[in-house]
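A short reminder: the numbers here are calculations on the coordinates, not readings from a lab. These figures come from a predicted structure and were not determined experimentally. When we count neighbours, we look across all protein chains shown, and the Cβ atoms used for this are built from the backbone with ideal geometry, even at glycine.
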Amino acid sequence: MLTRFLILISFLGLGACAHSVHLYQADNSNSFKGQLIESNSEQKVILGFTQDTLYVEQAFDKLKQQCPSGRIEGINTRYSTSLGFLSWTNKLRMRGYCQKGT
Amino acid sequence: MKKLILVALTLASISCTHLQSVSTSSVPAARSKPVAAEGSRFMFMFFNFDNKYVDNVVMDLARQCPNGRIEGILTKYETVTYFPLIAYRLQASAQGYCVAKN
Amino acid sequence: MKNLIYIIAISTLVSGCAFLHQYQLGSIDSETVIKGQRFEILVSETGVNLQETADTAKLFTQNRESHKQVQQVQDVISLFQMGPRTGNMVFNEKYADSIMRAIQLKCPSGRISGMSSIRETAKYPVVSGEIVRITGYCGG
């Protein structure tokens, strides 16, 4: 009984850090000069009920705010979901190079 | 029975939005003129014979920027579920910035 | 038992499916693509299919009671792993984050065109390779 309980707990522990990477996109670039900038956004979803996907725009806006008067090149985008108990968290991560004066 | 129908209708009225894919392109320094376009189709069960609704997105964007180039494009493809398996919407949207041609 | 082992071994050898989930292509500068150097970056992480794990575990148990217990454990774990999935679940979502640095190393000049991003799965029994593959053309 104790062994089964321990096995169950260990599986639950493993299950706590399960993720699914849906896509990774790497965009073209002209050069890697410039400051590396990064933005992240998340959306917690419970039982699948969610009205919008505005976290995508939030991540993109956060990235653009870090480079207000420059050009952002070579944007890498990662869209993944962290799986959880009757809920999950959608995550978006964007990174790029901010080139000022272009 | 009536309560069950009421619960079903309430659940059905809550739309669930899920992001299928996202892509980005390099963001220009000049961001004074944002443009956006969207193409969507309401789906009943699985009856879908073409995906032409996405073809209009490019033309709609181009019409908003007749003498320039569109850069910094954020593209999203999402599904909005109104009632599982029965009624949902497929939506492709794109937003970017109209910049002058060099 | 011997036959079971042969069946599993042969299934492992002959099974193996590749699934393409996403394909994205960036803009193409013909000169860079035709005259430039093609590069490819591939990163992967081991994915796990819990349902297949439970089914395989059931093969090694004899009685119905054990089957039920294995299924119950799998059902409980599934409650803790709800969410949309592409391919199988992984235990490290950041495995693809090294791609940006790898692109820099492959193409120091930074002049890249025709970049394609592919998300695919190489499926085997119980486990899978969750792959992100980036190909591009580097101009001088």
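In this structure, C:S27 and C:E52 have a Cβ-Cβ separation that, at R0 = 35 Å, corresponds to a calculated FRET efficiency of about 0.30. Under a Gaussian network description of chain B, with springs only between Cα atoms under 10 Å, the residue in B:R69, B:R41, B:R89 that fluctuates furthest is B:R69.
Couplings 3J(HN,Hα) for the range B:26-31, derived from phi with the Karplus relation 6.51 cos²θ - 1.76 cosθ + 1.60 (θ = phi - 60°), are 4, 9, x, 6, 7, 10 Hz, where x marks Gly and Pro. For chain C, the cysteines with no partner cysteine C-beta closer than 4.7 Å are C:C17.
With contacts taken as Cα pairs under 8 Å and at least 6 residues apart, chain C reaches a relative contact order of 46 percent.
Near A:A18, the amide H atoms lying under 5 Å from its own belong to A:L83; only residues 5 or more places off or on other chains count, and H is placed 1.01 Å from N.
Taking the longest Cα principal axis of chain C as reference, the axis of helix C:50-59 is set at about 40 degrees.
Shape analysis of the protein assembly as shown based on the Cα gyration tensor places the equivalent ellipsoid semi-axes at 40, 27, 18 Å, largest first.
Count Lys and Arg as plus one, Asp and Glu as minus one, and take only other residues whose Cβ is under 12 Å from that of C:C138; the net charge is then +2. Straight-line reach from A:K64: taking Cα to Cα under 14 Å and skipping same-chain neighbours fewer than 8 places apart, the aspartates and glutamates in range are A:E38, A:E73, B:E71.
What residues from the range C:30-67 fall in the zone where the backbone N is under 20 Å from a label point 7 Å along the Cα-to-C-beta line of C:L4? Residues passing the 20 Å test: C:50-67. With respect to chain B, whose longest principal axis is taken over its alpha-carbon atoms, helix B:55-64 is tilted by about 40°. Normalised by the number of residues in the range A:19-100, what is the relative contact order in percent for Cα pairs under 8 Å and 6+ residues apart? Value for the range A:19-100: 48 percent. Peptide C:128-140 is shielded by partner chain Cβ atoms: per residue, an average of 2 of them sit within 10 Å of its Cβ. Entry note: the range A:19-100 has Rg to Rh equal to 1.06, where both radii use alpha-carbon atoms and Rh is the Kirkwood radius.
Amide H to amide H distances under 5 Å link B:A87 with B:M45, B:Y82, where only residues 5 or more positions off or on other chains count and H is placed in the peptide plane. Among the aspartates and glutamates, which fall within straight-line cross-link reach of C:K123, defined as a Cα-Cα distance under 17 Å, with same-chain neighbours fewer than 8 residues apart omitted? In chain and number order, the partners are C:E45, C:E52, C:D55.
Over chain B, the Kirkwood radius and the radius of gyration, each from Cα atoms, give a ratio Rg/Rh of 1.15. For chain C, a Gaussian network of Cα nodes joined below 10 Å ranks C:V43, C:V73, C:V33 by mean-square fluctuation, and the top entry is C:V73.
Computed from Cα atoms, the angle from the helix B:2-13 axis to the main principal axis of chain B rounds to 10 degrees.
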